[in-house]
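The structure appears right after this line, and notes come after that.
The values are calculated or read from the model by the stated rules, or taken from the named source; none is laboratory data. Computed from a prediction, not measured in an experiment: that's the story for all the values here. Cβ placement follows ideal geometry from the backbone for every residue including glycine, while neighbour counts extend to all protein chains displayed.
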């Protein structure tokens, strides 16, 4: 166990975070692949399940897909009857992606299995460790996003 009064250099934190992120990504991809999907298609379905219908460009930003990759993902999911594109009533130029009833049933089942798999991935961590990690990652993300990392302000006030 590390000495809590020692400072861990930023480069070391970056390496640890990068390796842990890659390991979690491998675990997540494997979990989703076992359900018969690629991670990008799963991400689209999951976002629609939890956020509701979204414009194609908004959905792409949420799941970190380029416009071309987003189009391909929606096409694949549409071919399976899981999503459909509809015109936005207020702006005919905007296409909104909706889950179909079939798609909603599929992603609920897939998400439950993925949630169990990801729980197994962190089962070795106790509740306190999980809370501390989540808090630290949240603070890091907010600090970097708001440019407050130099002042030590975490943007929570």
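General remarks:
- In the set 97, 63, only one residue is touching a helix residue (DSSP H, G or I) at 6+ places or on another chain (Cβ under 6 Å), surrounded by 15 or more Cβ atoms within 10 Å (Cβ to Cβ) and over 28 Å from residue 120 (Cα atoms); that residue is 97.
Okay, residues lined up against (1) touching a strand residue (DSSP E or B) at 6+ places or on another chain (Cβ under 8 Å); (2) farther than 29 Å from residue 136 by Cβ; (3) modelled with pLDDT under 95:
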| position | (1), (2), (3) |
| --- | --- |
| 5 | no, no, yes |
| 10 | no, no, yes |
| 18 | no, no, no |
| 23 | no, no, no |
| 37 | no, yes, yes |
| 63 | no, no, no |
| 74 | yes, yes, no |
| 90 | no, yes, yes |
| 99 | yes, yes, no |
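- From the list 44, 106, 122, the lone residue that is surrounded by 16 or more Cβ atoms within 10 Å (Cβ to Cβ) and more than 16 Å from the chain's Cα centre (by Cα) is 106.
- Of the set (1) surrounded by 11 or more Cβ atoms within 10 Å (Cβ to Cβ); (2) at pLDDT 95 or above; (3) part of a helix (DSSP H, G or I), all apply to residue 141 but (2).
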